[in-house]
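The values are calculated or read from the model by the stated rules, or taken from the named source; none is laboratory data. Because the structure is predicted, anything quoted here is derived from the model rather than measured. Note: ideal-geometry Cβ built from the backbone for every residue, glycine included; neighbour counts use all protein chains shown. Please note that ligands, DNA and RNA were not included when accessible areas were found on the heavy atoms of the full protein model with its side chains. Shrake-Rupley method; radii C 1.70, N 1.55, O 1.52, S 1.80 Å.
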Amino acid sequence: MLGWLDQAATGGGDGAHELMRQIAAALSADGVTVRGAIQTNAPTGEDCHCDMTLEILGDDGPDVVISQDLGRESRGCRLDAGALEGAAQRVLDTLPQADLLVLNKFGKQEIFGRGMVAVIAAAMDRDLPMLISVAPQQQAEFLAFAGDLAVQLAPEDAAQWCRDAVRVAA
């Protein structure tokens, strides 16, 4: 069970991340063991768009900074792919206790078979319900990856879908 949110329907990536944070907190308060990674973007000023940080749910380690400062004139990708891979391993380590997996997004790294792909595959192997967000520019690749396992969710329906999916998986 793979529910996904169109980031455009949530007001963008930050909107999707905040919605997933709220859903994870509400379900955790209800006794659901939620694992995964949720992104926070913190503005850093004129020289950089933001610092991207992943909170690893169910892991006592520090948040993972997945962006790197490439300088004021840089136009390249600021993602620290190595930090993202480390975060993915930490999420993998938490999956045995999970009732639900929440992932910040399916992005360019996942399109290339990196990033959180191993986490998604492990969750699929366990029939673990997942909630993930997808930006409009990655949706075609995401749907090719997930096939008919993916169910698009309206933002207002996502929390209930997660509750129902956890109940079915149990």
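Here are the numbers for this structure:
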quantity: Number of positions in segment 105-133 that are open to solvent by less than 10 Å² (accessible area, probe 1.4 Å) and either under 20 Å from THR53 (Cβ atoms) or part of a helix (DSSP H, G or I) (or both); calculated: 10
quantity: Which listed residue, of ARG167, ARG163, is outside any loop (DSSP other than H, G, I, E, B), closer than 17 Å to ARG21 by Cβ, out of contact with any Gly (no Cβ under 7 Å at 6 or more places or on another chain) and open to solvent by 10 Å² or more (accessible area, probe 1.4 Å); calculated: ARG163
quantity: Residues that are modelled with pLDDT under 95 and β-branched (Val, Ile, Thr), drawn from segment 1-34; calculated: THR10
quantity: Residue among ASP63, ASP164, ASP148, ASP157 that is in contact with an Asp or Glu (Cβ under 7 Å, 6 or more places away or on another chain) and of a type in the set (Asp, Glu); calculated: ASP63
quantity: Test: residue in segment 58-78 that is touching a strand residue (DSSP E or B) at 6+ places or on another chain (Cβ under 7 Å) and assigned to a helix (DSSP H, G or I); calculated: no
quantity: Tally of residues being of a type in the set (S, T, N, Q) and closer than 16 Å to ASN104 by Cβ across segment 138-153; calculated: 2
quantity: Which listed residue, of GLN89, GLN152, GLN137, is part of a strand (DSSP E or B) and open to solvent by 70 Å² or more (accessible area, probe 1.4 Å); calculated: GLN152
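Every residue, every condition in (1) buried (at least 18 other Cβ atoms within 10 Å of the Cβ); (2) in a strand (DSSP E or B); (3) in contact with a Pro (Cβ under 9 Å, 6 or more places away or on another chain), yes or no:
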site	(1), (2), (3)
ILE23	yes, no, no
GLY31	no, no, no
ALA37	yes, yes, no
ASN41	no, yes, no
